[in-house]
Amino acid sequence: MYGLPSAARPPLPSHSACSASSSVPRARAASAYCCASLKQARHSAVAAAVAERAAAPLLAAALLLAAFAQPVSEGAALFRKACIGCHDMGGNILQPGATLFLKDLERNGVATEEELYSITYYGKGRMPGFGEKCTPRGQCTFGPRLSEDDIKLLASFVKSQAENGWPKIEGDGD
């Protein structure tokens, strides 16, 4: 509360309300109880003021996280569906030097989202292409193709995971 500007501070109860005659033991006990109540009221007022000031930024942060969580979870779902067979946890079961870890991506020239999009769409080496218009047929997957938007989402997801050291994907098993 002391960090709040005086205009933002809630009014605090006054101690004069508790300063009743203290000559009688019962009045002294009542006065002590009143003082304890004032301390509690002041503490509650401080907590309320802090909570009120923190509510708006916390709500904004929660909404921002929710907006970013949606594409990440969609990217994770696509990754599980189309990529995890060869690239579980960012690795590469066919070609160990071509993992999805940042150092390998940079060394192999596929460190940007655009380069990740291109290799996912058209394929390269042992990596098949998944784009709807991928050619030649031998370089492209024989399985289901992915839309351009899905490949963009995958490229963004892989880039984000690589930058963060491939943290566990939500929903993965052990």
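The values are calculated or read from the model by the stated rules, or taken from the named source; none is laboratory data. Note that the coordinates shown come from a computational prediction; the quantities given were computed from them, not determined experimentally. Surface accessibility is based on the protein's heavy atoms, side chains included, excluding ligands, DNA and RNA. Shrake-Rupley method; radii C 1.70, N 1.55, O 1.52, S 1.80 Å.
Side notes on the structure shown:
- Only Cα sites of the stretch 104-174 enter the Debye sum here, all with the same form factor; the resulting log10 I(q)/I(0) across q = 0.18, 0.19, 0.20, 0.21 1/Å is -0.73, -0.80, -0.86, -0.92, listed in q order.
- Between the stretch 76-105 and the stretch 111-174, the Cα center-to-center distance that results, in Å: 9
- A probe of 1.4 angstrom, applied to the heavy atoms of all protein chains, finds PHE130 with accessible area near 30 square angstrom.
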